[in-house]
1. Just the Kirkwood number for the range 44-115, please: inverse of mean 1/r across all distinct Cα pairs, in Å, one decimal.
2. What nm value, rounded to one decimal, do you get for the distance between Phe98 and Lys29 when each label is placed 7 Å out toward the C-beta?
3. Indicate, rounded to the nearest 5 percent, the antiparallel portion of the DSSP beta bridges found entirely in the chain.
4. Hey, fewest Cβ within 10 Å first, where do Lys180, Lys122 land in order?
5. Taking the number of other C-beta atoms within 10 Å as the exposure measure, put Arg129, Arg66, Arg19, Arg14 in order starting with the fewest.
6. From the gyration tensor of the Cα coordinates in the range 147-205, what semi-axes in whole Å does the equivalent ellipsoid have, largest first, with each one equal to sqrt(5λ)?
7. Please list the non-local residues whose amide H lies under 5 Å from the amide H of Ser91, H modeled 1.01 Å from N, same-chain partners needing a gap of 5 or more.
8. Which ordering of Arg11, Arg138 is given by a fewest-first count of other beta-carbon atoms within 10 Å?
Amino acid sequence: MTIQLTDAGKRFNRDWIFRHVTYNFYGGKSYAITGPNGSGKSTLLQAIAGSMNMSEGICESLIADRKLEDGEIYKYISIVAPYLEVIEEMSAKEFLLFHASFKPLLSSVTIDEVIQIIGLEKAADKQIRYYSSGMKQRVKLAQAIFSDAPVLLLDEPCTNLDKTGYDLYHQLINNYCSNKLIIVSSNDEKEMDFCEEKISIMDYK
C-alpha cells in the first residue's frame, strides 16, 4: 500500500498547522514524524488516517495503483494514539474479540496467544477499568499491531510504558510488522529508532 501527500496542508481557523507537504509513504517501510510538542505531528497523522480532511492539497491511499475511496480506508489502517480509548467495561479478551469482529486479526495467532504475548494472561478476564495505565497501553498496541491491516499508525505508542513495555513494543514491531507501512509520530527516540526515514513537521510550517 502507498500513501501519497501532494501539497497537503491543514489549518484551524487562520492558523496553519502544516503546509505544502508532498511526500510518498511506501508499504514495507517505516517512517517517523518528528517535532516539538504541539507542533502538529498528531494532526498530520490523523489526516493521513483519513479521520480529518486536508484544508488544501490531497492525501491518497493506493493499493496496486487503485485509489481507495474515503469510506474504505479504515479497513487498511490500524492506529494507536493517546486520544483513542479502549472499552473499559470489557475484558482484554472481550475487547480483542469485539475489535476482530470488524477488523480481522492476523491469522497466525489466536486471541489467547496475543494476550499471552503482551503479558496479560493473568488479567485476561478482568475488566480493563481495573488495569494500570501501562496494561491499557499494551491492549492498545495489541489491537493495532495484530490487526490484519497493511498500514500501522503509531502516535506516541509507548505512553505509560516502562522499560519492559518499551522492550515489548520493539519485539512486536520486529516480529509482526515487517511487511507493514509504519508511520510513528513522536519526539521520543526510543519509539522511532527503527524508522528508516524521518520527517520533521517543522519543515512544513
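Please treat every number below as a calculation from the coordinates, not as lab data. Every value quoted in this text rests on a predicted model; they were computed, and no experiment measured them. All Cβ positions, glycine included, derive from the backbone under ideal geometry; neighbour counts span all protein chains shown.
1. 14.6
2. A separation of 3.8 nm, rounded to one decimal place.
3. Given both bridge residues lie in the chain, the antiparallel proportion sits at roughly 50 percent.
4. Arranged by neighbour count, lowest to highest, Lys180, Lys122 become Lys122, Lys180.
5. Arg14, Arg66, Arg129, Arg19
6. Details: eigenvalues 77, 51, 19 Å².
Taking √(5λ) for each Cα gyration eigenvalue gives 20, 16, 10 Å.
7. Those lying under 5 Å, H to H, from Ser91 are Ile128.
8. With the fewest neighbours first, Arg11, Arg138 line up as Arg11, Arg138.
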